[in-house]
Amino acid sequence: MALTSRLGALLYALAVLAVIFLVVGQLLGQPILLGFVTSGSMEPTLDEGDGFVAIPAAVADPVEEGDVVVFRAEEIQGGGLTTHRVVEETDRGYITKGDANPFTDQDSDEPPVKDEQVVAVVWRPNGEVLAIPGVGAVVTGTQDALQTVQVHIAAALGTRSLLGAQGLAYLLFALSIALYAVDAWRDRGRNRTTRDRTRQSGTSARLLVGVFAVLLVLGATAAMVVPAGPTEFGIVSAERDSPGQRVIEQGTTESTTYPVGNGGALPVVVFLDPGDENVDVQPRELRVGPRSVENATLTLSAPPETGYYRYFVTQHRYLALLPQDHIRALYHLHPWAPIVVIDAMVGVPFYLVGVSLVGSGRVRDRSRSAGPSLWARFR
């Protein structure tokens, strides 16, 4: 019975975390493990509302013809995340198309999709997309409810800090604290006369501390991921130069200031990655203090052929919780490596300290005594 109860609690926690990841992924504009489609453009592969497993582009294999990708569109439905199939590769980018659409996205004025626009690749075991029915309805309903709560609470308190992804993290954290307080209050009135009850109480405490740790990690990840990502620079290679940054004489270069800001309360280390040989930025690495701006120099080169060209500079941001040379070494290993290590530095100690304070439920006294106080455990 105890094993069944624990298995049920584990499955419930995984389901809740999956919904949280989906909702936060929607708010961040970046699928976190799971995503879903909001239209029927990918039928019959994915029906409207179907979910899928999203492999982040940073760890996925190079995109090939036939892959289904999630990319940041510029024109489709006003821009935003779009899930379509790559039907052709060209020198200027990928040609994409919904399986149910008669025309490609590029026939509808969407520019060819660059690698910098691809945020995830849909997992296709045995060459077929694994569809998870009904995910969209659950996530959309949950997101609408959360946004309604956010708006009402923000209006009642007169602050906008509770809106968006950061506000959602604040609310989830506050909700977790409230739930833990209720659980602790109810636990004080229970008779702890059996080992099973004690273990169940301990498991609940660990679960709540785990939720706190997950929310803290999500907040740290959002602080690094949300302001980062690619920035597009569109230029015209023309026969002669014109005033401004967008028209450059063919075969020549033009430089401009590239500001890198940090609106957070902690310093960040930023790496700038130009996505094309016709783009250069110096310096490639910056340390930006809290609520400050550092400037880099961006140099754009116009190709010998006239026409319109799109280039990208991708920012990778990391909270400066490690020495800068350690962050640099991890970044060169893989751009996600510093995020994983920093998240572990934030979440693991929080969880261990939290469990040491609230107890694991396995070593409590079996009598009716409430045990040592929280202050005693802290000491």
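Each reported figure results from applying straightforward, stated rules to the coordinates on display, with no laboratory input. Being a predicted model, the structure only gives us computed values, none of them experimental. Because the Cβ atoms are built from the backbone with ideal geometry, glycine has one as well, and the counts that use them run over all protein chains shown.
Placing dummy labels 7 Å off each Cα toward the beta-carbon, the span from Glu128 to Thr299 is 5.3 nm.
Taking the Cβ of each residue in Arg246, Arg206 as the centre, tally the other Cβ atoms inside 10 Å and list the residues starting with the fewest. Arranged by neighbour count, lowest to highest, Arg246, Arg206 become Arg246, Arg206.
Determine, for each peptide in 225-231, 213-219, the mean count of other beta carbons within 10 angstrom over its residues, then list the peptides with the highest first.
Averaged packing, sorted descending, gives the order 213-219, 225-231.
Here Ser108, Ser39 are placed in order of increasing Cβ neighbour count within 10 Å, fewest first, which gives Ser108, Ser39. Using a cut-off of under 17 Å, list every residue of the range 111-134 whose amide N is near the label point 7 Å from the Cα of Asp273 along the Cα-to-beta-carbon line. Answer for this model: 114-121.
Rg/Rh for the range 229-327 (Cα atoms only, Rh after Kirkwood) is 1.07.
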